[in-house]
1. Would you give the gap between the C-alpha center of segment 95-137 and the C-alpha center of segment 1-67, rounded to a whole Å?
2. Answer with a single label: of (i) 0.99; (ii) 1.09; (iii) 1.15, which was calculated as Cα Rg over 2.2 N^0.38 Å from the structure in view?
3. Kindly provide the helix-only [θ] at 222 nm of the chain, computed as the sum of -39,500 (n - 2.57) over DSSP H runs of four or more divided by all residues, to the nearest 500 deg cm²/dmol?
4. Take the cross-link list K77/K170; K218/K279; K2/K279; K44/K69 and give me the ones stretching past 30 Å between alpha-carbons.
5. What helices in the chain pass both tests, a Cα length along the helix axis of 18 Å or more and a mean Kyte hydropathy of 0.0 or higher, using whole DSSP H runs?
6. May I ask you to compute the full-extension gain from E265 to Y4, defined as 0.36 nm times their residue separation minus their alpha-carbon distance, rounded to one decimal in nm?
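What follows draws every value from the coordinates through simple rules; no lab data is involved. Keep in mind it's a predicted model, so treat the numbers as computed, not measured.
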Amino acid sequence: MKVYRSLEALPKIKNAIVTQGTFDGVHIAHQVIINRLKQIAQIKEGENVVITFEPHPRMVLFPDDHGLKLLHTLDEKIEALRSISVQHLVVLPFDKAFSRLTSVQFIRDIIVNKLGTKVLVIGYNHRFGKNREGTFEHLKEFSSLYGFDVEEIPEQDINEVSVSSTLIRKALDAGEIKRANAFLGYHFFIHGTVVEGKKIGRTIGFPTANILPNHVFKQIPAQGVYAVKVFINNKMYGGMLNIGNRPTVNGVANTIEVNVFEFNEDIYHQTIKIAFVDKLRDEIKFSGLEALTFQLQKDKLQALAILSS
């Protein structure tokens, strides 16, 4: 996959079959769009092109709203799109000036003049351009004028629920990991650096790695205990992870700490990947370390059963 950080960097692309959007999470609805993009490119003997934006448009349009968290960092999004065989990825810098482009300007200047688009594929109810004025009907109107075809992909439902990045964020906020994973089509994950902690876990037989997420805007699931897969130096381990303030040991700050099964190496300052498989329970304040240890033993057995299945 070739990645371009500006329109000026774009080469001439043969029979460009194009889609555009934020693609946060590259979830199952996004995957359907991109699969159709690749299918059309093969039929038309062209090349598939994905246009996305950095930063997320909401961060520019609503700078005082700090509530948005991302399912993917830009690097994670790039790798996700690479893994599903996108050929060309255009990452357009999204700023105030770009947000003022009308839908007509976007179609004429970028979709037509810069990319020479043959077919534009968009998701259900996709909006674009200044004040989100551009619609599928708008695209149909101008496609005949500028000589490209446009195709809208129907909304993708799971159990009669339309999949979206917003819906996935809400599921993660509620600790509904299995629901989020079903919408994503893979296990939700984070990358983080292992940092120094209070080392209380090792005194009760459950040493933990304290994780500092690598991106301030990365979505983090709700507080609780989770069964996870941990990727260290390209090797996968099972584990259980706690997100919370550790009330039994008088914790205050919200922390992320993972107990990696069958692992006893020094990984301080390393970056690791953690994939969330299922939630085990909410965080609980126990009467003391003995009660906590007993519960952790039960948690480990439950996590092992989930991970083995």
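1. 12 Å
2. Correct label, based on the coordinates given: (iii).
3. Taking each H run of at least 4 residues, the total per residue is -8000 deg cm²/dmol.
4. K2/K279; K44/K69
5. Result, helices passing both filters: 28-43, 289-308.
6. That pair, E265 and Y4, stretches by 90.1 nm at full extension.
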